[in-house]
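The values are calculated or read from the model by the stated rules, or taken from the named source; none is laboratory data. Everything numeric here is computed off the predicted structure, so don't read it as measured data. Note that each Cβ is placed from the backbone with ideal geometry, even for glycine, and that neighbours are counted across all protein chains shown. Just so you know, the surface numbers come from the protein's heavy atoms only, side chains and all, with ligands and any DNA or RNA stripped out. Shrake-Rupley method; radii C 1.70, N 1.55, O 1.52, S 1.80 Å.
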Amino acid sequence: MAADYPDIDIAPYIDHTLLVPTATPDMVDQWCEEADKFHFATVCIYPAYVRRAVELLHNKKPKVCTVIGFPTGATTSPVKLYEALEAAENGATELDVVINLGLLRAGKTEEVHREIAEICESTGQLVKVILETTLLTDTEKQLAAEIAMDAGATFLKTSTGWNGGATVEDIRLLKEIARDRVQIKASGGIRTPEQALDLIVAGATRLGTSRSVELIRLRETLKKDG
């Protein structure tokens, strides 16, 4: 399938992601250098490294993205809001916020909505709401997506990557639900250029992956091989 659209440049779609628990300052430096070199959309790192990444990418094209309530989404709303505000104050311009799946499953939709809306309104930054689609039914995916969009999210994001990853089917479903009101981020398990391209064609406008450089190099090799 990917061979049918060989001219898509995947680099501008990529959030160059470093979210392993053992991430060191030196690794953050490397990810920032790679994000600049390959012209990725953002570098996505833990909140503790936001200020460092902002300094390294000052006056450069890639933006700084960080995660909020990661990876479970089960911290309290005031803690999530504080984490988001601090990240924005430190220079992050994109916030990937994990939805509270327990509250969603319990039918406490107003609480879920309020939590996301407070972060969107208080920070004024681009917010991607992580739905963790691999743990939801299609009905729950639609409910979570509608809540996120109504609360002011800019993106619906599939996954943290800790419980499985993005699928073409989920991207198509979210695209259908969103009806171009918001953008879609595919994240988790993107290991080949073919996967990346299939997700883009299905409707993803951003890709979260830690294998960014490998994907670009494999993509260039495939182009050369014809």
*Pairs, please: C-beta under 8 Å, at least 6 apart or cross-chain, first residue farther than 13 Å from Val43 by Cβ and open to solvent by 60 Å² or more (accessible area, probe 1.4 Å) and in the range 15-27, second part of a loop (DSSP other than H, G, I, E, B) and polar (S, T, N, Q)?*
Val20/Ser210
_If I ask for residues that are touching a helix residue (DSSP H, G or I) at 6+ places or on another chain (Cβ under 8 Å), part of a helix (DSSP H, G or I) and either open to solvent by less than 50 Å² (accessible area, probe 1.4 Å) or among the polar types (S, T, N, Q) (or both), which ones from the range 139-153 would you list?_
Glu140, Lys141, Gln142, Ala144, Ala145, Ile147, Ala148, Met149, Ala151
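Quick one: how many residues across the range 117-138 are surrounded by fewer than 24 Cβ atoms within 10 Å (Cβ to Cβ) and touching a residue at least 24 places away in the same chain (Cβ under 8 Å)?
Residues meeting the conditions: 13.
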*Which number in (1) in contact with a Leu (Cβ under 9 Å, 6 or more places away or on another chain); (2) farther than 22 Å from Ser210 by Cα; (3) open to solvent by less than 10 Å² (accessible area, probe 1.4 Å); (4) not aliphatic (A, V, I, L, M) marks the one condition that Glu111 misses?*
(3)
*Hey, could you check the range 84-98 for residues that are crowded, with 19+ Cβ neighbours inside 10 Å and more than 16 Å from Ile130 (Cα to Cα) and say which is nearest to the chain's Cα centre (by Cα)?*
Ala92
_I want to confirm something. Restricting to the range 1-60 and keeping residues that are among the aromatic types (Phe, Trp, Tyr) and in a loop (DSSP other than H, G, I, E, B), which single residue is farthest from the chain's Cα centre (by Cα)?_
Tyr5
_Number of the exception - Ser77 against (1) of a type outside the set (Asp, Glu); (2) closer than 27 Å to Glu121 by Cα; (3) in contact with a strand residue (DSSP E or B) (Cβ under 7 Å, 6 or more places away or on another chain)_ = (3)
_Number of the condition not met by Asp198 [criteria: (1) in contact (Cβ under 8 Å) with a residue 24 or more places away in the chain; (2) open to solvent by 20 Å² or more (accessible area, probe 1.4 Å); (3) charged (D, E, K, R); (4) closer than 25 Å to Gly73 by Cβ]_ = (4)
